[in-house]
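Heads up, the thing below is written out as structure tokens.
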There are 2 protein chains.
Amino acid sequence: MTEMPLDASGAITFGRNPIDRRSEARENGAVMATALADARARAFALIADRVVLAEGSEEPTFDLATVAGLGADPAALLLLGWLPDGAPRFAARLPADPPGRVLVDLRTLAGEGTMPPELYGQLAQARSMLSWHERHGFCANCGAPTTIGAAGYRRDCAACGAQHFPRTDPVAIMLVSDGDRALLGRQARFRPGSYSCLAGFVEPGETLEAAVRRETFEEAGIRVGRVRFHASQPWPFVSSLMLGCHGEALSTEIAMDANELEDCRWFHRDEVRAMRDGTHPDGLTCPPPLAIARHLIEAWLDGRV
Amino acid sequence: MTEMPLDASGAITFGRNPIDRRSEARENGAVMATALADARARAFALIADRVVLAEGSEEPTFDLATVAGLGADPAALLLLGWLPDGAPRFAARLPADPPGRVLVDLRTLAGEGTMPPELYGQLAQARSMLSWHERHGFCANCGAPTTIGAAGYRRDCAACGAQHFPRTDPVAIMLVSDGDRALLGRQARFRPGSYSCLAGFVEPGETLEAAVRRETFEEAGIRVGRVRFHASQPWPFVSSLMLGCHGEALSTEIAMDANELEDCRWFHRDEVRAMRDGTHPDGLTCPPPLAIARHLIEAWLDGRV
């Protein structure tokens, strides 16, 4: 299934992924065997969030014999799905840095943005799936070791019979505005001068909209009324689904949680535009296009809220 | 933090929850001790998805001495948060049916809808949190037993140091339309004659919009173009976040996945209205207000898409 950028999400880094997952086919062992035997099959090879690239290029896929040579366990390949032309795509975890190979951090690759856009979505899928397996070798229900099932989309416990599925953590990320002012904050770990949207995990028993309001109140003391969904983004550090929203402030006095944020302010639209354009007099900036926060900011600047 | 129904999500069952979670306070052991000692503290008591009710009423909370008497382990109480008046609310898992007590299935309670709306959101939070602990007594990373941390919002592994957080699974649920026709399907487990929206889990490396398109194509063979977010709903069976969307069909010929669905059809707006109103000549129906699917259908019928 070829995915066109039909919405704002498809235009955000990691948001475009041409892989046809055929989730209904995963239970069929013959499908996995056929995909493994397909001469067009290629795999992404990662160690945590570092991606192996072919020598002298940014090509991040390798034929299956090559990934086995790099040290990947052929029995632990994850079948991501198929490209539109039917070529299978796998993800492979390497146990150690292969000698003589170039590995680049996925966040760096995505920030540079020089690969074809479709590759970032595939790499996000590979990275999140591999991380899940790496952290879920045992059954949370009984403690016994688990094994890969469903072509990589399940882990099975032979001891208690539990089935475990890959985890995706929904995150509310929001640009809250009060007329011509937007609420932006910075964490101590951000680059100096960089301000971004507030964000936090959606919790059990909570709507997305309630999470937008709770996180904004907990971090900044600002009450939020109307919430509008804008776009979503897979965020593979480690396995989040960013749910980007615009929120309307109901209050204006900031009470910042200093454990979460280093600073939090209202910025006028002109100032935000200067931050976006890199022309702010104090050198303040907002996040790069890699981040959905940037797209929430751009949409607000353009009146697309 | 009092939550008003500021959006469509707040008007859906489980979507309204007045509990102030104060997530930043959970790490503070004194906060938990103070909440436990608070005379206003009350707990929901559940066994899986069955809720203990007070004798002769629909009251689902009990003081902490009573829940201990019902068999709950006082050391395993989960602090959900605080009501707007500051009264702490806990969730307690019972090891067995307490003699002489009435237990009612949460889905039944929610379907009846006779409790104050704010209670359903709290019960959803309680049920999802309790289920997560019940299924996560061991470390997925190393297999060792884990212990409760952060007032119930974390499980800690002393063996490998891993921290585990409650899981929430995002689900795409969508009403796909083609002008005056809507795509509805039924699973074999549905009540006879009942048709609903298609749905499926959002996967790692996938946007919400892409999940809407993938699930609709996999289950019904219909291509979807534009996707619009409508509302979200916590769905505590076991721990989903339903992300309700409207989608515009790009194709019309259905190719149903018979493993997933028993039937799937295009229904004209007039027919859907009759299903909603209980006046369909063949007795076909659509889901009750408990389900976000019903709200997606109502919004489409009303032109709120």
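The values are calculated or read from the model by the stated rules, or taken from the named source; none is laboratory data. In this text, all values refer to a predicted model and were calculated from it rather than measured experimentally. Here Cβ is always computed from backbone atoms with ideal geometry, including for glycine, and neighbour counts include all displayed protein chains. Protein only, heavy atoms only, side chains kept; ligands, DNA and RNA dropped before computing areas. Shrake-Rupley method; radii C 1.70, N 1.55, O 1.52, S 1.80 Å.
At-a-glance table
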| quantity | calculated |
| --- | --- |
| Solvent exposure of segment A:141-182 as accessible area per residue, Å², 1.4 Å probe | 35 Å² |
| Alpha carbon convex hull of segment B:1-76, projected area averaged over orientations, nm² | 6.8 nm² |
| Cysteines (scope the protein assembly as shown) whose Cβ has no counterpart Cys Cβ under 4.7 Å | A:Cys197, A:Cys245, A:Cys264, A:Cys286, B:Cys197, B:Cys245, B:Cys264, B:Cys286 |
| Across the identical copies, how the B:Phe201 labels are spaced - nm, sorted shortest first, 7 Å along Cα→Cβ | 1.7 |
| Largest to smallest accessible area among B:Glu218, B:Glu59, A:Glu55 [probe 1.4 Å] | A:Glu55, B:Glu59, B:Glu218 |
| Rg/Rg_ref, segment B:43-138, where Rg_ref = 2.2 N^0.38 Å and atoms are Cα | 1.00 |
| Rounded percent of accessible protein surface that carbon and sulfur make up, segment A:74-137, 1.4 Å probe | 54 percent |
| Segment B:180-305 - percent of accessible surface contributed by carbon and sulfur, probe 1.4 Å | 47 percent |
| Shielding by other protein chains, B:135-145, mean Cβ within 10 Å | 6 |
| For A:Arg228, inter-copy label distances in nm, listed shortest first [label point 7 Å out on the Cα-Cβ vector] | 1.2 |
| 0 to 90° range, to nearest 10: angle between helix A:292-301 axis and chain A longest Cα axis | 40 degrees |
| Cα-based shape type of segment B:186-305, given that a ≥ b ≥ c are square roots of the gyration tensor eigenvalues and the cut on a/c is 1.5 | rounded |
| Chain B, helix-only ellipticity at 222 nm - DSSP H runs n ≥ 4, -39,500 (n - 2.57), divided by all residues, nearest 500 | -7000 deg cm²/dmol |
| Sequence of B:Met275, B:Met256 when ordered by accessible area, the most exposed leading, probe 1.4 angstrom | B:Met256, B:Met275 |
| Other protein chain Cβ atoms within 10 Å, averaged over every residue that makes up B:229-236 | 5 |
| Percent of beta bridges antiparallel (DSSP, chain A, rounded to nearest 5) | 75 percent |
| Rounded to 10°, Cα long-axis angle of helix B:208-220 versus longest principal axis of chain B | 60 degrees |
| Value of relative contact order over segment B:169-305, rounded to a whole percent, pairs C-alpha under 8 Å and six or more apart | 31 percent |
| Shape category assigned to segment B:53-96 from the gyration tensor of Cα positions, a/c cut at 1.5 | oblate |
| Buried accessible area, chains B and A (both chains, 1.4 Å probe, Å² to nearest 100) | 5000 Å² |
| Inter-centroid distance (Cα atoms) of segment A:255-304 relative to segment B:154-179, Å | 29 Å |
| B:Arg269, B:Arg89, ranked by accessible area, largest first (probe 1.4 Å) | B:Arg269, B:Arg89 |
| Gyration tensor verdict on the protein assembly as shown (Cα atoms; rounded if a/c is under 1.5, prolate if a/b is larger than b/c, oblate otherwise) | rounded |
| Label-to-label distance, nm, for residues given as A:Ala258 and B:Arg228 (7 Å Cα→Cβ offset) | 4.6 nm |
| Three semi-axes of the equivalent ellipsoid, segment B:170-257, Cα gyration tensor, whole Å, largest first | 19, 17, 12 |
| Shielded by partner chains, segment A:172-207 residues - at least 40 Å² of accessible area, 1.4 Å probe, vs chain alone | A:Glu203, A:Pro204, A:Gly205, A:Thr207 |
| Relative contact order computed over chain A (Cα-Cα under 8 Å; 6+ residues apart), in percent | 17 percent |
| Cα pair distances of chain A binned at 10 Å [whole percent] | 6, 24, 30, 22, 14, 4, 0 |
| Calculated label separations, A:Cys160, copies of the chain, 7 Å along the beta-carbon direction, nm | 1.6 |
| On Cα atoms only, tilt of B:117-135 relative to the major axis of chain B in degrees | 70 degrees |
